[in-house]
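What follows is a short report on a single structure.
The values are calculated or read from the model by the stated rules, or taken from the named source; none is laboratory data. This one's a predicted model, so the numbers in the text were calculated from it and none came from an experiment. Cβ placement follows ideal geometry from the backbone for every residue including glycine, while neighbour counts extend to all protein chains displayed. Heavy atoms of the whole protein, side chains included, go into the accessibility calculation; ligands, DNA and RNA do not. Shrake-Rupley method; radii C 1.70, N 1.55, O 1.52, S 1.80 Å.
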Amino acid sequence: QVQLVESGGGLVQAGGSLTLSCAASGSIFSPNVMGWYRQAPGKQRELVARITRGAITNYADSVKGRFTISRDNAKNTVYLQMNSLKSEDTAVYYCNLEQFGANYWGKGTLVTVSS
């Protein structure tokens, strides 16, 4: 089994910054992909950003240029640096790990951006 624990959510003003962290533990193998998804009230969960162990990344168009995903493979930890936050970034952010066709999810951390 894999456990994912997110941290770093909270309340921030529009234009501000926040960094999310997610630590993975358990049966973690290579290769794998770690990422962040988010779900706003009344909306479907959507991809924010993903990163491979080799640091290949992809981002949702809505966050390109504002968010940066990174990972520390030795610590099995993924980060999401969020800058220039907008009210529309308000959502529950979920950490995800994909390996060998299986998906694992954290419980989520709430990010609220006040305008």
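Here are some notes:
- Matching option when the condition is modelled with pLDDT under 95 and small (G, A, S), among S62, S30: S30
- Qualifying residue in the range 29-41 (condition: in contact with a Leu (Cβ under 8 Å, 6 or more places away or on another chain), among the aliphatic types (A, V, I, L, M), surrounded by 14 or more Cβ atoms within 10 Å (Cβ to Cβ) and part of a strand (DSSP E or B)): yes
- Candidate set from the range 58-82 (those that are part of a strand (DSSP E or B) and among the charged types (D, E, K, R)); member that is surrounded by the fewest Cβ atoms within 10 Å (Cβ to Cβ): D72
- Residue list for the range 11-24, filter: over 16 Å from the mean Cα position of the chain (by Cα) and either open to solvent by less than 30 Å² (accessible area, probe 1.4 Å) or hydroxyl-bearing (S, T, Y) (or both): V12, G16
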